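The values are calculated or read from the model by the stated rules, or taken from the named source; none is laboratory data. Because the structure is a prediction, the values reported are computed rather than measured. Quick reminder, even Gly has a Cβ in these numbers, built from the backbone with ideal geometry, and neighbours come from all protein chains shown. The protein model used for the area step is the full one, side chains on, heavy atoms only, and it has no ligands, DNA or RNA in it. Shrake-Rupley method; radii C 1.70, N 1.55, O 1.52, S 1.80 Å.
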Amino acid sequence: MEEVIAMTKMFVYGTVVLTLAAAPAFAQQPNSGSQGTSPTSASRVEKNADHDFILEAAMGGMAEVELGQLASGKAQSDPVKQFAQRMVTDHGKANEELKSLAQSRRVTLPTDSGVHHKAIKDRLAKLSGADFDRAYMQEMLTDHRKDVNAFRKESQSGQDAEVKAWAAKTLPTLEEHLKMAESASRAAVGTSGTKTDSGTGA
């Protein structure tokens, strides 16, 4: 009888030991699972529409500053010069904001404005006077119409909350730029026409 009791005690003791030994393994499973998913909580914009928007906005912003700097020195019309200076200031500020946003979303920005914008800059650099004013403002009208549409779309349907918010914040400035471009474009055409008339009358 004593042997049976002793064997029973040993069986119970062995079961308890095995249970305690196994417990930490089961307890660690939820933690290891949560550790595996923690990186996904970090801010990241995957290669989707938001990612493409950031890249396009970065290249477009750099181009606006570069062309604005070019126009500040080459433009003939005062309204065009003033518009160009505003482009340098506003897009320079927006570019810095976008750079900070891209870093927080782990997006690597391009280092230049791209082949398309470089070709435009090279073409404009060969012009002067009223010809430059008209060509520059035509580019600004085209660019800002595209920009307004792109930023409005992102502000309404963007998937990343911070990128969407930045687009919504920047949109009113771009809409103002478009109105300014329309006004400066009319002034550039009017100025060139006046100079032509006075030249023929001399």
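With a 1.4 Å probe and every protein chain left in place, work out the accessible area per residue of region 104-156 in Å², rounded to a whole number.
Per residue, region 104-156 has an accessible area of 57 Å².
Of 74/126; 74/118; 126/146; 81/179; 146/179, which sit over 20 Å apart, Cα to Cα? Let's see the in-between values first.
On the way: 74/126 10 Å; 74/118 17 Å; 126/146 25 Å; 81/179 15 Å; 146/179 14 Å.
The pairs that break the limit, which is 20 Å between Cα atoms, are 126/146.
For the cross-link pairs 99/169; 93/121; 47/164, which exceed 18 Å when the distance is taken from alpha carbon to alpha carbon?
Values: 99/169 15 Å; 93/121 21 Å; 47/164 15 Å.
93/121, as the Cα separations exceed 18 Å there.
Quick one: net charge around residue 155, please, counting Lys, Arg +1 and Asp, Glu -1 for every other residue with C-beta under 14 Å from its C-beta.
Details: positive: 152, 153, 164, 169; negative: 50, 147, 154, 160, 162, 175.
Neighbour charge sum, excluding residue 155 itself: -2.
So how do 98-106, 177-185 stack up, highest first, on mean other-Cβ count within 10 Å?
Working: 98-106: 15.7, 177-185: 18.4.
Put in order of decreasing packing, that is 177-185, 98-106.
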